[in-house]
Amino acid sequence: MEIIHVSAECYPMAKAGGLADVVGALPKYQNQLGHIAKVVMPMHRTKFLYDNDWEVVHKSSFVMGPNSFEYTIIKEQTNKLGFDLYCVDINGLLDREKIYSYSDDTERFCAFQIAVVDWLSKWQHRPDIVHVHDHHSALIPFMMQHCIAYNHLAAIPTVLTIHNAQYQGWMGWDKQNYIPAWDIRSWGNLDWNDTINPLACGIKCAARVTTVSPSYMEELVYDANGLEKLFQYEKSKCVGILNGIDNETWSPVNDTYITDNFSIKNFEEGKLINKKTLCKEFGLDIKKPLVVFIGRLVGEKSADLLPRAITDALRDLDGAINFLILGSGDANVEQQLLALNNSFVGYYNSQIGYNEKLSHIMYAGADFLLMPSRIEPCGLNQMYAMRYGTVPIVRRTGGLKDTVIDYEDPGGFGICFDRATVWDISYSLHRAVKLYGDKNKLSKIIKKLMNIDNSWEKSAGNYISIYQQLST
Ligand code: ADP
């Protein structure tokens with residue numbers, strides 16, 4: 001089958017979070033299963049763009065509102081990612097350094113989607129599936145079915161994967177002319193609570209909707225940032241498929257970012273060398289259990305609870321624990337976390353920003369990874385941590401609930417808690433320190449973690465089954 005993935009992010013071209021990891025891996029594994037999976041994304045001005053060779057495969061133009069835009073589709077020439085990667089360049093709109101957070105994001109992503117559909121409409125043949133990801137590409141199923149210029153694409157089945165339903169791409173009806181002329185009778189597909197809601201529109205128009213874990217799918221029916229009723233109504237076409245991880249990119253055996261490579265046979269030594277790198281760079285104590293947090297510093301991740309939880313833990317445990325934080329997000333949380341650098345020298349450090357290399361060393365060198373998320377559609381960090389022998393401490397929600405079992409439960413290997421509260425986090429940190437003291441038990445758990453297979457091989461096939469049901 002020929003599958004076209006459309007996404008705002010794709011690792012290593014441009015990454016802000018888990019969406020990039022998924023779109024950078026899933027097509028590769030689908031190709032390994034004998035299919036032809038391709039990725040189309042905006043041409044962000046990133047290092048990957050400049051470091052690689054591209055060829056122009058298509059040039060055309062479209063009208064959006066009062067403006068006409070020229071667009072160019074370029075393709076990475078060597079297929080080095082294991083799939084064909086296409087980028088859409090629209091002068092002045094897409095060739096920018098950041099992926100998101102511009103004041104004209106609505107216009108940028110509408111233009112991106114129009115360019116993709118316009119390009120597809122000019123192909124000599126039809127792909128078997130168009131698979132869109134999150135709200136930045138969720139208007140595409142609507143455009144293919146209801147926009148007058150493109151409805152000859154209506155027969156191509158579409159799949160929408162929701163990586164995060166918190167962000168829906170809301171746009172006022174005053175921007176309706178950003179969407180190419182559409183059949184007026186279909187306005188109800190665009191509307192949700194008197195605004196154009198691209199994610200809701202994708203849920204209504206895509207042939208199938210997937211979320212990135214089964215538990216998250218169940219949660220969306222009662223907690224979906226305003227879309228609960230829609231998920232209840234469309235339940236029959238929704239399914240949760242757990243994300244995998246790219247075992248080639250995330251492998252302690254040959255990860256080029258980490259200080260020392262290791263396998264299950266020599267993890268004690270290997271993890272210690274990586275931990276040494278972290279302790280040296282951040283002034284921490286190698287003998288103490290090192291708990292890390294990596295991620296966006298936002299409410300969804302309970303980042304606001306970290307300053308209090310860390311302060312309490314260092315006080316209650318009399319400094320018998322170390323912390324290292326890597327992330328960026330809410331300015332207030334960033335400031336509070338940075339302020340702790342001075343209060344707990346030798347016990348705590350934080351790095352505000354995005355640092356791919358450091359994140360890999362943290363997965364490899366830490367003893368525990370903390371994820372107290374309020375909402376976690378799947379979560380990849382806990383799976384990366386497990387692959388590098390780092391014990392996940394997670395709140396039982398979404399994908400965390402589906403991938404981590406408490407070590408005191410049968411078959412378990414992590415530390416789990418139920419509520420996103422400082423108290424629950426503190427209690428779990430106490431349990432972590434206790435476990436760290438029991439070297440025999442910890443070693444058995446690490447071996448168990450490193451043996452768990454969370455690879456894409458399984459999940460990639462689940463998506464193919466969905467495509468096959470739609471195209472028969
Ligand atoms: P999200 O909700 O942010 O997509 P996921 O757990 O699905 O969360 O994926 C997060 C991905 O982003 C992981 O690959 C993680 O290592 C990476 N990441 C998040 N924040 C940072 C950061 N500050 N520096 C480096 N990598 C980060």
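The values are calculated or read from the model by the stated rules, or taken from the named source; none is laboratory data. Note that the structure is a prediction, hence the values are computed from the model and not measured. Glycine gets a Cβ as well: all are built from the backbone with ideal geometry, and neighbour counts include every protein chain shown. Ligands, DNA and RNA are excluded from the accessible area calculation, which covers all protein heavy atoms including side chains. Shrake-Rupley method; radii C 1.70, N 1.55, O 1.52, S 1.80 Å.
For the reader, a short list of remarks on this structure follows.
- Net charge dipole size for the chain [Lys, Arg +1 and Asp, Glu -1 on Cβ; Debye, nearest 20]: 840 debye
- Accessible carbon and sulfur surface of the chain relative to its total accessible area, %, 1.4 Å: 50 percent
- Cross-link pairs exceeding 29 Å between alpha carbons, from the set 80/357; 75/401; 229/301; 28/444; 357/458; 287/447: 75/401; 28/444.
- Label-point separation, residue 273 to residue 354 (7 Å along Cα→Cβ), nm: 3.0 nm
- Note on the chain: antiparallel DSSP beta bridges, both residues inside, total approximately 30 percent of the bridges counted.
- Each other residue within a Cβ distance under 13 Å of residue 354 adds +1 if Lys or Arg and -1 if Asp or Glu, for a net charge of +1.
- Annotation: for a label point projected 7 angstrom from Cα along Cα→Cβ of residue 443, residues of the range 258-294 with backbone N closer than 15 Å are 264-272.
- Net charge over other residues, Cβ less than 15 angstrom from the Cβ of residue 311 (K, R count +1; D, E count -1): -2
- In this simple spin-label approximation, residue 318 and residue 457 carry label points 7 Å from Cα along the Cα→Cβ vector, and these lie 4.9 nm apart.
- Each of 221, 39, 57 has its accessible area taken with a 1.4 Å probe; listed largest first, they run 57, 221, 39.
- Accessible area per residue in Å² at 1.4 Å probe, computed on the chain: 39 Å²
- Most to least packed among 403-412, 158-167 [average Cβ atoms within 10 Å]: 158-167, 403-412
- The shape of the range 205-327 comes out oblate: with a ≥ b ≥ c from the C-alpha gyration tensor, a/c is at least 1.5 while a/b does not beat b/c.
- Cα gyration tensor, the range 267-451 - rounded (a/c under 1.5), prolate or oblate: rounded
- Prolate/oblate/rounded call for the range 1-129, Cα gyration tensor, a/c under 1.5 rounded: oblate
- Label-point separation, residue 222 to residue 124 (7 Å along Cα→Cβ), nm: 5.5 nm
- The simple Förster model, with R0 at 45 Å and r as the Cβ-Cβ distance, assigns residue 152 and residue 100 a FRET efficiency of 0.90.
- Positive-end residue, the range 1-154 charge dipole about Cα centroid, Cβ charges, pick of 106, 83, 151: 83
- Relative contact order (%) - criterion: Cα under 8 Å, at least six apart; region: the chain: 12 percent
- Pairwise centroid distance, computed over Cα atoms, of the range 444-472 with the range 252-279, Å: 26 Å
- Kyte-Doolittle mean at least -0.5 and Cα axial length at least 20 Å: DSSP H helices in the chain: 18-32, 105-121, 422-437
- Stretchable slack from residue 77 to residue 229, in nm (0.36 nm times residue separation minus alpha-carbon distance): 50.2 nm
- Chain lengthening between residue 61 and residue 237 when straightened (0.36 nm per residue, less Cα-Cα): 59.9 nm
- Theoretical FRET efficiency, 1/(1+(r/R0)^6), r = Cβ-Cβ of residue 70 and residue 256, R0 30 Å, to 0.05: 0.15
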